[in-house]
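Some notes on the structure that comes next.
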Amino acid sequence: MLVSIYGLRASAIYRFGLKLRSLSRSPAIVLTLPLWPLYWIAAAITRHGYGIHLSLSAEIGPGLYIGHLGGIYVGHCTLGEQCSIGQQTKIGDPSTAKANGPRLGSRVWVGAHSKIQGRVNIGDGATIGAGARVLADVPPHTLVMGDPARPINRDYDNTSLLML
Amino acid sequence: MSIRQALTADATFYRQLRFGNRRSALHGFVWLSSTGLFLLAMHRTAYFFQRLRREQGRRPKLIILRVLLAAGRPFLLFRAKSDISGVTKVASGVYFSDRGQLVIGARSIGSGTVIHHAVTIGMSTMTQGTPHIGANVWIGPDCVIYGNIEIGDGATLLPGTVLSKSVPPRSVVKGNPGRIIQLDFDNSKLRSSLNFALDVADLKSGD
């Protein structure tokens with residue numbers, strides 16, 4: 001199964017962009033100048049071809065897993081390590097600053113078609129069900145579903161999901 | 001039904017939806033311009049491969065088919081941003097949106113069904129099992145349908161529905177969580193055009 005090869009590509013391009021940006025702040029800026037167009041082209045291809053938009057304004061921890069492709073926007077937010085993002089999810093808003101954006105902990109499983117916008121804190125190990133619209137903070141290990149998202153299970157172990 | 005017959009039925013259905021079955025729509029043009037039809041063709045080929053493997057434990061002898069499928073898949077991912085599971089049984093005469101973004105892992109999809117863009121049909125982690133979509137169903141954009149459920153024939157799922165329970169035939173479902181808002185609704189007029197911007201008010205006017 002060709003699972004998430006495109007997700008890996010999108011993550012790799014994102015990390016490449018982050019690396020370029022951190023290099024730009026050091027004396028090695030001369031090196032980065034010819035590489036930026038490479039990043040821009042790769043990022044544009046991922047965005048329009050796969051529909052996965054990982055903006056450099058987002059701070060994404062290691063181990064991001066993107067299950068399916070299409071309609072993903074991650075920007076102006078903070079993600080912990082080993083998070084999992086489903087298709088058609090929108091995390092963060094291009095119009096708000098990162099300080100006012102969502103903050104996800106580690107091992108958060110964001111279901112398909114979810115929207116997480118605004119200043120929400122999502123605890124470690126939380127699970128956002130499919131189609132949820134998160135407007136309030138989500139405590140750790142909670143399963144929320146619905147629009148607006150309501151907690152369904154306060155002690156939901158999502159490790160089996162993350163291994164899918 | 002052979003793949004060619006099924007695809008002819010699909011193309012006819014598509015032409016009816018997009019051009020109102022005017023004879024002026026050239027066969028070739030329809031196939032080149034429609035991402036949905038290309039998606040269906042790729043899926044039917046992939047399903048044929050899966051069936052061969054299940055029933056006879058072999059891959060198709062015709063190498064060209066395997067090459068076409070392998071080459072077509074990345075192109076399809078890019079063009080349609082869709083992922084249709086190889087085991088989904090799609091009846092002939094189904095419409096998949098030209099705008100793509102479909103992630104479909106249903107058990108089966110009935111004939112005459114119209115599926116718009118950004119629809120996810122999949123497995124639920126709590127109840128293993130995938131949906132069975134009946135015939136003549138209208139699924140609006142941005143829907144999520146999951147679980148071991150049955151969508152009855154002629155049902156209508158308004159845009160943005162998140163559904164995890166079975167619905168009876170000819171019902172109208174809306175919202176997240178999906179709730180049945182009307183029973184016994186005839187969606188043939190809905191399924192005769194590509195218009196998908198719908199809400200409850202349009203239903204009342206009999207459209």
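The values are calculated or read from the model by the stated rules, or taken from the named source; none is laboratory data. A quick note: this is a predicted structure, and the numbers were derived from the prediction, not measured. FYI the Cβ positions are ideal-geometry reconstructions off the backbone, even for glycines, and counts take in every protein chain you see.
Would you point out which residue out of A:S57, A:S11 is in contact with a His (Cβ under 7 Å, 6 or more places away or on another chain) and in contact (Cβ under 8 Å) with a residue 40 or more places away in the chain?
Details: A:S11 fails: in contact with a His (Cβ under 7 Å, 6 or more places away or on another chain).
Exactly one residue qualifies, and that residue is A:S57.
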| request: Evaluate the following for A:G70: is it within 14 Å of another protein chain (Cβ to nearest Cβ), in contact (Cβ under 8 Å) with a residue 60 or more places away in the chain and either within 14 Å of the chain's Cα centre (by Cα) or part of a loop (DSSP other than H, G, I, E, B) (or both)? | output: no
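Do we have any residue at all in the range B:123-134 that's surrounded by fewer than 17 Cβ atoms within 10 Å (Cβ to Cβ), within 11 Å of chain A (Cβ to nearest Cβ) and out of contact with any strand residue (DSSP E or B) (no Cβ under 7 Å at 6 or more places or on another chain)?
Checked against the condition, which is being surrounded by fewer than 17 Cβ atoms within 10 Å (Cβ to Cβ), within 11 Å of chain A (Cβ to nearest Cβ) and out of contact with any strand residue (DSSP E or B) (no Cβ under 7 Å at 6 or more places or on another chain), the range B:123-134 yields at least one hit.
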| request: With the condition kept exactly as written, say whether any residue in the range A:56-65 is farther than 19 Å from A:I13 by Cα and modelled with pLDDT of 90 or more. | output: no
| Can we say A:H48 is free of Cβ contacts under 8 Å to residues at least 60 places away in the same chain, farther than 18 Å from A:I116 by Cβ, not in a loop (DSSP other than H, G, I, E, B) and not acidic (D, E)? | yes
| Any chance A:R25 is within 18 Å of A:T89 (Cβ to Cβ) and free of Cβ contacts under 8 Å to residues at least 12 places away in the same chain | no
| message | For the range A:102-131, give me each residue that is crowded, with 24+ Cβ neighbours inside 10 Å, assigned to a loop (DSSP other than H, G, I, E, B) and away from chain B (no Cβ under 14 Å). | response | A:P102, A:V108, A:A126
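For the range A:122-164, name all the residues that are touching a Pro at 6+ places or on another chain (Cβ under 9 Å) and among the aliphatic types (A, V, I, L, M). Working first, answer last.
Start the filter on the range A:122-164 by keeping residues that are touching a Pro at 6+ places or on another chain (Cβ under 9 Å), which leaves A:122-126, A:131-136, A:138-139, A:142-147, A:151, A:154.
Within the range A:122-164, A:I122, A:A126, A:A132, A:V134, A:L135, A:A136, A:V138, A:L143, A:V144, A:M145 meet the criteria.
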| message | I'm trying to understand the selection: among the residues of the range B:38-70, which are among the small types (G, A, S) and part of a loop (DSSP other than H, G, I, E, B)? | response | B:G57
| task | Could you list all residues from the range B:96-150 that are free of Cβ contacts under 8 Å to residues at least 24 places away in the same chain, among the hydrophobic types (A, V, I, L, M, F, W, C) and not in a loop (DSSP other than H, G, I, E, B)? | result | B:V103, B:I104
| said: Of the conditions (1) within 14 Å of chain A (Cβ to nearest Cβ); (2) touching a residue at least 24 places away in the same chain (Cβ under 8 Å); (3) over 21 Å from A:A149 (Cα atoms), B:D186 satisfies every one except a single condition; which number is it? | reply: (1)
| the range B:153-168 - residue that is in contact with a strand residue (DSSP E or B) (Cβ under 8 Å, 6 or more places away or on another chain) and more than 14 Å from every other protein chain (Cβ to nearest Cβ) and, of those, nearest to A:G129 (Cα to Cα) | B:S166
| said: Tell me whether the range B:105-118 contains one or more residues that are within 14 Å of chain A (Cβ to nearest Cβ), buried (at least 21 other Cβ atoms within 10 Å of the Cβ) and of a type in the set (S, T, Y). | reply: no
| query | Among the numbered criteria (1) buried (at least 18 other Cβ atoms within 10 Å of the Cβ); (2) more than 11 Å from every other protein chain (Cβ to nearest Cβ); (3) under 29 Å from B:S82 (Cα atoms), which single criterion is violated by A:P94? | reply | (1)
| message | Looking only at residues that are of a type in the set (A, V, I, L, M), surrounded by 19 or more Cβ atoms within 10 Å (Cβ to Cβ) and away from chain A (no Cβ under 12 Å) in the range B:76-97, which one is farthest from B:F49 (Cα to Cα)? | response | B:V94
| Would it be correct to say that A:L18 is in a helix (DSSP H, G or I) and not charged (D, E, K, R)? | yes
